[in-house]
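For reference, the structure discussed in these notes is given below.
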């Protein structure tokens, strides 16, 4: 990544807290996260439940308000825009969710669902909106007759294509993809992922791709960020993160992924983490991962590790990151 | 009914060659407004003691219905089971309710994807586990409690004395799944049917649960029928893989053999769709089309409309034939095809 370019998206020390059911307590869903995404890039964000990945995605398209920190689009802090400018600008920042059934009105025909954002934004005359919607449906590879159908008449993959078509009517620049293939059968996930890649090539789209699925994220991403309990623990080029992970959590996550390989081709040693992710209401002191980390030392409870560049473009937050990084280099690439 | 602790050796098995479960020609059909629809057809397979079988396929292929039928958990007024389901000499398809109750939960356990809907929210988890025990054997409350605590401990729940009194909503998803496994394991079943038991869990927790299931199966020689869409889970947990498509078994092979050299184009298609097998950022192969709905089953090979190898001859009905080496495949062309697997 060249430092000179202005990122399409900059997230600066983002913090998001929600009130917890417990009196006076807050859930620190996002606890100081910073990253940049550049134009045309696919930025993968991976994490388990409680990592804050979904909240980060929603904050990026301004569906949740940051408690602190800033979100900049092309260098401009969205919080500084007038409400009129903000409304016009936000069309370029779209989000696609996991469940297309929840995103489509079961009582509306597909065409009217796809046209709806154009109507809300009062773009063009009714006939132009209709044409734009039909074009978008064709663009995602759906036959024209789909337009007059209802969601229940479509397969899961077709419905997800409809949702993608609807975001395209807004001519987006950045799309947050939140677990967009998780609800689809393996056999058609590829189709939808291929479509995302194709749209990116042709329209120069930028993606923040949020998922818990390592095999998906490592396949499509240029860079990958790993989140744990509201913080990023590692960020780097996709190859570096999956083949030469630095952070003990990333390594455990990679190792936990079941491999669809015959026994003689599988990596032997498995790092089995104990316990589960602690509550974001009472996160551990110091490093959030220390309660499950096989390498935790006293230092880890005392201080949060600094977020720093360990190798070129490869960042991590671990007190022993330099040591782990050199071990990885010496041992050669870790098995993917 | 004898007490669990002194459980007599199971009845001698007539002519089923030491098999635990022998399913012959199981067809499950549902009465619907559109007439009788077949959800599975002629499902034939067997399970040996201690064997771990993965059942894979897309949604709508009949995996879940097959699992539920083995314990006759489908509503009997609409679902009809044809065929023989021989479990150690008892035909589960036709045996009486009393006999079934003695097997269900005691000799065959079952766990599901969503522990929250399988656990009763108004009872503590300890009470629910002990309940299975007391239902299947004369046992004092204190004894049941001790056994339940031991079961919680054996599935890796820390401080079981405290968790015993917890309600399901007070536990995390991974913890609930452990509780459900403890409940299913309490009577030392000979067979555990697990329907997507880790799909709702985080990957690091999934790894723990898979390890636990493997370990429990090894320790007690318990057989496992593992229903999942995740081929990685099958590779790491099971010894044999049954591929189901549109209500039929299309392939039956040892896991490693099925992964390396699949014989059915559908198995091969599922494997090739895995992102990890394609070069980074390359277009991913997929299986075009979708699983046919129950009312619109094609004649002949049910996969042929989606099959890249379909040829004249595929419109004839396909039998699940012996492919040698303990494998079976439902494709008449299998000898002519060299299908890519994960290693290709």
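Only one entry in B:252, B:322 is under 15 Å from the mean Cα position of the chain (by Cα) and either in a strand (DSSP E or B) or surrounded by fewer than 19 Cβ atoms within 10 Å (Cβ to Cβ) (or both), namely B:252. Would you say residue B:283 is within 21 Å of the chain's Cα centre (by Cα) and either surrounded by fewer than 20 Cβ atoms within 10 Å (Cβ to Cβ) or modelled with pLDDT under 90 (or both)? Spelling it out, it is not the case that residue B:283 is within 21 Å of the chain's Cα centre (by Cα) and either surrounded by fewer than 20 Cβ atoms within 10 Å (Cβ to Cβ) or modelled with pLDDT under 90 (or both). The single condition among (1) crowded, with 24+ Cβ neighbours inside 10 Å; (2) at the interface with another protein chain (Cβ under 8 Å from one of its Cβ atoms) that residue A:252 does not satisfy is (1). When the range B:202-227 is filtered for residues that are more than 7 Å from chain A (Cβ to nearest Cβ), over 20 Å from residue B:48 (Cβ atoms) and assigned to a loop (DSSP other than H, G, I, E, B), nothing remains. Taking the range A:102-118 as the range and being surrounded by fewer than 14 Cβ atoms within 10 Å (Cβ to Cβ) and either under 24 Å from the mean Cα position of the chain (by Cα) or part of a helix (DSSP H, G or I) (or both) as the test, only A:102 passes. Within the range B:134-154, the set of residues being touching a residue at least 60 places away in the same chain (Cβ under 8 Å) and either out of contact with any helix residue (DSSP H, G or I) (no Cβ under 7 Å at 6 or more places or on another chain) or within 17 Å of residue B:178 (Cα to Cα) (or both) comprises B:138, B:154.
It is to be established whether one or more residues within the range A:197-207 are under 15 Å from residue A:238 (Cβ atoms), part of a strand (DSSP E or B) and out of contact with any helix residue (DSSP H, G or I) (no Cβ under 6 Å at 6 or more places or on another chain). Yes; the residues of the range A:197-207 include at least one that is under 15 Å from residue A:238 (Cβ atoms), part of a strand (DSSP E or B) and out of contact with any helix residue (DSSP H, G or I) (no Cβ under 6 Å at 6 or more places or on another chain). Filtered by the rule that a residue be more than 17 Å from residue B:343 (Cβ to Cβ), in contact with a strand residue (DSSP E or B) (Cβ under 6 Å, 6 or more places away or on another chain) and within 11 Å of chain A (Cβ to nearest Cβ), the range B:239-278 gives B:239, B:266.
Looking across the range B:197-219 at every residue that is touching a helix residue (DSSP H, G or I) at 6+ places or on another chain (Cβ under 8 Å) and under 24 Å from residue B:23 (Cβ atoms), the one that is surrounded by the most Cβ atoms within 10 Å (Cβ to Cβ) is identified as B:197.
Taken over the range B:255-282, residues that are free of Cβ contacts under 8 Å to residues at least 24 places away in the same chain, in a helix (DSSP H, G or I) and more than 29 Å from residue B:293 (Cα to Cα) amount to 2. Scanning the range A:299-314 for residues that are farther than 17 Å from residue A:32 by Cα and crowded, with 19+ Cβ neighbours inside 10 Å yields A:300, A:310, A:314. Residues in the range A:154-190 that are within 14 Å of chain B (Cβ to nearest Cβ) and either touching a residue at least 40 places away in the same chain (Cβ under 8 Å) or at positive phi (or both): A:154, A:156, A:159, A:160, A:179, A:180, A:182, A:183.
For the range B:53-81, a residue qualifies if it is touching a helix residue (DSSP H, G or I) at 6+ places or on another chain (Cβ under 7 Å) and surrounded by fewer than 23 Cβ atoms within 10 Å (Cβ to Cβ), and the qualifying residues are B:58, B:72, B:74, B:81. Tell me whether the range A:11-31 contains one or more residues that are within 14 Å of the chain's Cα centre (by Cα) and in contact (Cβ under 8 Å) with a residue 12 or more places away in the chain. So far as the range A:11-31 goes, yes, one or more of its residues are within 14 Å of the chain's Cα centre (by Cα) and in contact (Cβ under 8 Å) with a residue 12 or more places away in the chain. Filtered by the rule that a residue be within 11 Å of another protein chain (Cβ to nearest Cβ) and either farther than 23 Å from residue B:339 by Cα or outside any loop (DSSP other than H, G, I, E, B) (or both), the range B:283-308 gives B:293, B:306.
Scanning the range B:105-127 for residues that are within 17 Å of residue B:189 (Cβ to Cβ) and surrounded by 20 or more Cβ atoms within 10 Å (Cβ to Cβ) yields B:105, B:106, B:108, B:109, B:110, B:111, B:112.
Check the range B:31-52 and report whether any residue there is modelled with pLDDT of 95 or more, crowded, with 18+ Cβ neighbours inside 10 Å and within 14 Å of chain A (Cβ to nearest Cβ). There is at least one residue in the range B:31-52 that is modelled with pLDDT of 95 or more, crowded, with 18+ Cβ neighbours inside 10 Å and within 14 Å of chain A (Cβ to nearest Cβ).
The helices (runs of 4 or more DSSP H) found wholly in the range A:224-336 and carrying at least 3 residues that are over 25 Å from residue B:202 (Cα atoms) and touching a residue at least 60 places away in the same chain (Cβ under 8 Å) occupy A:321-331. The lone criterion from (1) in contact (Cβ under 8 Å) with a residue 60 or more places away in the chain; (2) within 18 Å of the chain's Cα centre (by Cα); (3) assigned to a helix (DSSP H, G or I) left unmet by residue B:109 is number (3). When residue A:199 is tested against (1) closer than 23 Å to residue A:53 by Cα; (2) touching a strand residue (DSSP E or B) at 6+ places or on another chain (Cβ under 9 Å), just one condition goes unmet, and that condition is (1). For residue B:296, the conditions (1) out of contact with any helix residue (DSSP H, G or I) (no Cβ under 8 Å at 6 or more places or on another chain); (2) surrounded by 13 or more Cβ atoms within 10 Å (Cβ to Cβ); (3) within 24 Å of residue B:38 (Cα to Cα) are fulfilled apart from (2). Residues in the range A:271-293 that are surrounded by 15 or more Cβ atoms within 10 Å (Cβ to Cβ) and in contact with a helix residue (DSSP H, G or I) (Cβ under 6 Å, 6 or more places away or on another chain) were compared, and the one that is farthest from the other protein chains (Cβ to nearest Cβ) is A:286.
Taking the conditions exactly as written (without any contact (Cβ under 8 Å) to a residue 24 or more places away in the chain and either within 14 Å of another protein chain (Cβ to nearest Cβ) or outside any helix (DSSP H, G or I) (or both)), does residue B:194 satisfy them or not? Judged against the criteria, residue B:194 is not a match. For the range B:228-238, taking the residues that are facing chain A (nearest Cβ under 10 Å) and outside any helix (DSSP H, G or I), the one that is nearest to residue B:196 (Cα to Cα) is identified as B:228.
The values are calculated or read from the model by the stated rules, or taken from the named source; none is laboratory data. Everything numeric here is computed off the predicted structure, so don't read it as measured data. Every residue, glycine as well, gets a Cβ built from its backbone with ideal geometry; the counts of neighbours run over all protein chains shown.
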